[in-house]
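I have placed the structure first, in the form of structure tokens, so that the comments after it can refer back to it.
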């Protein structure tokens, strides 16, 4: 019986320590700082090339002063193609095409016309403007909760409207792998490390 109590107490102590670690770790400890960004004027075809070449799925849209205006993701790029191919599908969402004349392309004869139309579309036309941001001092546990609640895979780390980093789902996984104690080993946590 005493062994069972001691085991439970160790589990509770371990859980409390893991929770305190999660709240002690901050966004600044895990954010990526060498970011690939695009400007509001960047053509979507260039954004597509960037995503393919760099093997990324999204990029913040930042002006020359470093102010974040939105985010462009692969989903945003897919929406453009879908809307151009079949305008009735995207009828519930106001996008760039609402401001431009439209003639449905034929995929066999007018592929060049579609590409030419996409040449005129920029990041500002398709970006998601509703930003989910955290500060560099936000606890990692809160970052994870925000991502879960918002059903997103990245949050922007912003300080005084200026982009200072990004945290992705993979960064959070890395945080927990790096900080997780090895099984069977004593927990040694140094908050100053």
**Request:** Grab the Cα-Cα distance for residue 75 and residue 131, subtract it from 0.36 nm times how many residues apart they are, and report the gain in nm with one decimal.
**Result:** 18.6 nm
**Prompt:** Quick one: length gained pulling residue 174 to residue 53 fully straight, 0.36 nm per residue minus the C-alpha distance?
**Reply:** 41.2 nm
**Message:** At 0.36 nm per residue, and after removing the present C-alpha to C-alpha distance, how many nm does the segment from residue 46 to residue 149 gain when stretched out fully?
**Reply:** 33.9 nm
**Request:** Please order 51, 170 by the number of other Cβ within 10 Å, starting at the fewest.
**Result:** 170, 51
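Throughout, read-outs are computed from the coordinates displayed, never taken from laboratory work. Please read all numbers here as calculations on a predicted model, not as lab measurements. Glycine also receives a Cβ, built like all others from the backbone with ideal geometry; neighbour counts cover every protein chain displayed.
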